[in-house]
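The values are calculated or read from the model by the stated rules, or taken from the named source; none is laboratory data. The model shown is predicted, which means the values in this text are computed figures rather than measured ones. Cβ atoms come from the backbone with ideal geometry, glycine included; neighbour counts cover every protein chain shown.
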Ligand code: GDD
Ligand code: MG
């Protein structure tokens, strides 16, 4: 089974972290996000993954020099310019010579959803495409997908205003596609699968969907990127994973509670770290407070400073002593 994994976006919502590292190469605990996505697909028999690359492709290519990741063979398809989601699928699938039914996934989604069940539904209908759905509280930042009682999709509404969403079930970013879908995507210009291709398939009654209650999070925002990691250490997806890397240095007089501390990060005496992520080599100075926030790789929080309410510091960024930040980005990014 072959899968196209979309990993070419700019990761805008995760700036400044994504200024230096593409979103799916950011760590989720001990390994890059992409490895968890690929491993999840391997469980369902995916042997070949086509990475659909755009922004900062070298971050991926140098990480997997032997073209293997989580036991899966990788093919790199680097877009000459951003082609948006459908354009990217067409470019990557064509580049890899895909000519049979295949999978597509958004590379920033961490999920336990049942790909085999999705594939089975696809086989039991005349669908050209079958997509997984997941329930969310606020559908307005996703693709909203009402279906009839046979699972046929009746509309695909990408990011509607909150009060106009007809359903709380949204596009989970996992698709089974027939190669004929590729012929529907115009070549050589950006095309959105959510705004063009899926609505056209709906009009032709060729799009089906399978609702799933399995674990599902799109890790593309600071809140959800933090959440997926806290969920793993809380054991919300199987056995709890290690929160504190063995090479981290926590002072005996520091308080580190319900947080992830990656390789080589340091927390000095009297500091408090709660519900937070300290990335590799981050440094939290004496008496500083980090709550519900992300300290980027090699970033320094000087003594007595405080970071709260989803403050995010980028690679190597410095927060001056005693500075108090809430919901901030350091450096400020556009
Ligand atoms: N190669 C390539 N080229 N990849 C791209 C491009 C592009 O031009 N644009 C975006 N991507 C990749 C991103 O890196 C990401 O892995 C995936 O496509 C989806 O893009 P996001 O920017 O994360 O989209 P979203 O989260 O706002 O919305 C999408 O995902 C939701 C579920 O997580 C949509 O598919 C929604 O309908 C869906 O509900
Ligand atoms: Mg996303």
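When each of 222, 239 is tested for being more than 16 Å from ligand 2 (Cβ to nearest atom) and either under 18 Å from the mean Cα position of the chain (by Cα) or outside the structural domain of residue 111 (by TED's automatic domain parsing) (or both), the lone residue that passes is 239. Any residue in segment 190-201 that is outside the structural domain of residue 82 (by TED's automatic domain parsing) and without any contact (Cβ under 8 Å) to a residue 40 or more places away in the chain sitting within a Cβ distance under 6 Å of a residue that is in a helix (DSSP H, G or I) and surrounded by 21 or more Cβ atoms within 10 Å (Cβ to Cβ)? List the pairs, counting only those 6 or more apart or interchain. From residues that are outside the structural domain of residue 82 (by TED's automatic domain parsing) and without any contact (Cβ under 8 Å) to a residue 40 or more places away in the chain, there are no pairs. Of 93, 77, 127, all but one fail to be assigned to a loop (DSSP other than H, G, I, E, B), away from ligand 2 (no atom under 16 Å from the Cβ), assigned by TED's automatic domain parsing to the domain that holds residue 29 and touching a residue at least 12 places away in the same chain (Cβ under 8 Å); the exception is 127. None of 329, 274 is in contact with a helix residue (DSSP H, G or I) (Cβ under 9 Å, 6 or more places away or on another chain) and under 28 Å from residue 111 (Cβ atoms) except 329. Considering every residue within segment 58-73, establish whether at least one is in a strand (DSSP E or B) and without any contact (Cβ under 8 Å) to a residue 24 or more places away in the chain. Scanning segment 58-73 turns up at least one residue that is in a strand (DSSP E or B) and without any contact (Cβ under 8 Å) to a residue 24 or more places away in the chain. Among the numbered conditions (1) within 16 Å of ligand 2 (Cβ to nearest atom); (2) assigned by TED's automatic domain parsing to the domain that holds residue 146; (3) out of contact with any helix residue (DSSP H, G or I) (no Cβ under 6 Å at 6 or more places or on another chain); (4) more than 24 Å from residue 123 (Cα to Cα), the only one that residue 227 does not meet is (2).
Quick check on segment 3-20: of everything there that is farther than 13 Å from residue 221 by Cβ and buried (at least 22 other Cβ atoms within 10 Å of the Cβ), which residue is nearest to ligand 2 (Cβ to nearest atom)? Residue satisfying both the conditions and the ranking: 6.
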